[in-house]
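I have placed the structure first, in the form of structure tokens, so that the comments after it can refer back to it.
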Amino acid sequence: MTRRKLFGDLCWGLPALAAMQLLAGGRVTPHHRPRARRVLQIFCPGGASHLDLWDYKPELEKRSGQPMPGVEKEVSFQGANGALMRSPWKFVRRGQCGKYITELLPHLGELADELAFVHSMTSRSNTHGPACVMMNTGFAVEGFPSAGAWVSYALGSENENLPAFVAIPDVRGIPPSGPANWTAGFLPAEHQGIAFHAAEPIRNLARPAGVSEAEDEAARVFLEQLNETHAARHPGAGDLRARMAAYALAARMQLSAPEVADLGAESEATHRLYGARDANPLLAAYARNCLLARRLLERGVRYVQLFCASRASGVDGLLNWDAHKTLQADYERHAPILDQPTAGLLRDLKARGLLQDTLVLWTTEFGRMPTHQEGTLGRDHNPDAFTVWMAGAGIRGGVSYGATDDFGRRAVDGVATIHDFWATVLDVLGLDHGRLTWYHNGLNRRLTDVHGHVLRPILA
């Protein structure tokens, strides 16, 4: 071997190894012992009402129809508000913890002892797009990395043949602000969430018709050589490196992705558990997405972001939880879609031993008002109080953190921010939110900006 040939081979080989390393492993050594290895985030776009799902308010029931004390014609996002409005559904004590949960969610209610509720969440935005981005990135403006991207950057994937971060949009459509909810922002592009769902395979993955496997492989090898030559001449081109890594991953996914998306390999009992054969096509579609999420998690995907509902339509509350006018009809349509499949997913994770090292999050972008919108039977946006919950690895089940006032209008006890929420998630993953940074435009940027406190009372 000549000296020139030796260095030529090194030029081809070392960058390829570096790209593989970016895909297979993370860049951050855990700051402390992690409780969880992976994350499942369930997101309900539209501002799911805490007052009708999780946050029971006896005083709201008692004083329904009366003006809210101390407030005359409060004006919120869509205008004036009327009197206090009780929930149309009863709240029922569930589990040994005795947690009050709406009768709308009987399957999830059975799992009350697994869930840790945060009732005092607040947001900085009362508009769907910015609030969704705020919940998922820590900032109300687009351009910042999503939580899944930060976790991908920190910890990488446990399976070199699958992405570290997958987003599963609802079959009804993408959420408000779309891909900004799973963007890599200014992090390297390989940490962008790969979006697909059970009803639609990953786009542009299959080999084109008329191209043989040998031709495809030859073209890929030639492209790799061209890319490596260019990369060697431009060592600081991070975007090129990310693109090369993405192509390499796509090639491996041609074999791995069809297998993970093959839900037919699951037993009939599993399909029944999730509701994947339900007569309601929207429930069945979300159930299949839940089943896909489990298959991704058990195969080493680090972060799965699962959406239940989509962006707003011309009719409020038709496609998501944004019940401005007809709360009862809207939630009696949406709640069953969420309930059985989500509960089935939690039960399946636990039965397979995955829940013990998987952190499960249920999130939405803000809450709803305790009053009805003037002239309607719906609720307006409320960024001053909403509920999220966590379950699984590192979490104390059957507990509640924080509280809203007697009517659920504002968080008043243990007031929590979105930065606190993500500080807690990172802590469970073994990461100090103050030390997980990326230098961008002169600043060491964080998922939690310059804020955030770990919500330790809900940790095991």
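Values in this text are rule-based calculations from the coordinates and carry no lab data. Here the structure is a predicted model, which is why all the values come from computation and not from measurement. Here the Cβ positions follow ideal geometry from the backbone for every residue, glycine too, while neighbour counts run over all protein chains shown.
Distance from the Cα centroid of segment 321-357 to that of segment 405-419 is 23 Å (rounded to whole angstrom). Using only Cα atoms, tell me the angle between helix 213-233 and the longest principal axis of the chain; keep it within 0 to 90° and round to the nearest 10. Once rounded, the angle reads 90 degrees. Given a Förster distance of 51 angstrom, what is the FRET efficiency for residue 215 paired with residue 142, based on the Cβ-Cβ distance and rounded to 0.05? It comes to 0.80.
To the nearest 20 debye, what charge dipole does segment 250-348 have about its Cα centre, counting +1 at the Cβ of each Lys and Arg and -1 at the Cβ of each Asp and Glu? Numbers along the way, then the final one.
Numbers: 12 positive and 12 negative charges, 58 e Å.
The calculation lands at about 280 debye.
Summing charges over neighbours of residue 263, with a neighbour being any other residue whose Cβ is under 15 Å away from its Cβ, gives -2 when K and R count +1 and D and E count -1. Under a point spin-label approximation (7 Å from Cα along Cα-to-Cβ), what is the residue 460-residue 124 distance to one decimal in nm? With each label placed 7 Å out from Cα toward Cβ, I get 3.4 nm.
Stretching the chain fully between residue 233 and residue 267 yields a gain of 7.0 nm (0.36 nm per residue, less the alpha carbon separation). The C-alpha atoms of the chain define a longest principal axis, and helix 128-137 lies at about 60 degrees to it. Between the residues 98, 109, 122, the greatest Cα displacement towards the positive end of the dipole of segment 85-128, with unit charges on the Cβ of Lys, Arg, Asp and Glu, is found for 122.
Taken along the Cα-to-beta-carbon direction at a fixed 7 Å, the label points for residue 403 and residue 435 span 3.6 nm. Taking amide H as placed 1.01 Å from N in the peptide plane, residue 100 has its amide H under 5 Å from the amide H of 94, each at least 5 places away in sequence or on another chain. For the chain, the relative contact order works out to 29 percent when only alpha carbon pairs closer than 8 Å and six or more residues apart are counted. Taking the chain as the reference, fit the longest principal axis to its C-alpha atoms, fit the long axis of helix 281-298 to the helix C-alpha atoms, and give the angle between the two in degrees, 0 to 90, nearest 10. Helix 281-298 sits at roughly 50 degrees to that axis. Overall, segment 48-91 carries a charge dipole of about 140 debye about its Cα centre when +1 sits on the Cβ of Lys and Arg and -1 on the Cβ of Asp and Glu, all other atoms neutral.
If R0 equals 30 Å, the separation of the Cβ atoms of residue 415 and residue 313 corresponds to a calculated FRET efficiency of about 0.35.
I need 191, 119 ordered by Cβ neighbour count within 10 Å, fewest first.
119, 191
When +1 charges are put on Lys and Arg Cβ atoms and -1 charges on Asp and Glu Cβ atoms, the dipole computed for the chain relative to its Cα centre reaches about 820 debye.
Annotation for residue 350 and residue 113: the two label points, set 7 Å from Cα along the Cα-Cβ direction, are 0.8 nm apart. Ordering 181, 164, 84 by the projection of their Cα atoms onto the charge dipole of segment 75-201, which places +1 on the Cβ of Lys and Arg and -1 on the Cβ of Asp and Glu, puts 84 at the extreme positive end.
Quick check on packing: order 60-70, 419-429 by the mean number of other C-beta atoms within 10 Å, highest mean leading.
Working: 60-70: 14.0, 419-429: 24.6.
Ranked from most to least packed, the peptides come out as 419-429, 60-70.
Note on residue 90: aspartates and glutamates with a C-alpha under 15 Å away, same-chain residues under 8 apart excluded, are 52, 55, 59, 61, 103, 332. Calculated mean residue ellipticity at 222 nm for the chain: -11000 deg cm²/dmol, from DSSP H runs with n ≥ 4 weighted as -39500 (n - 2.57), summed, divided by the residue count and rounded to 500.
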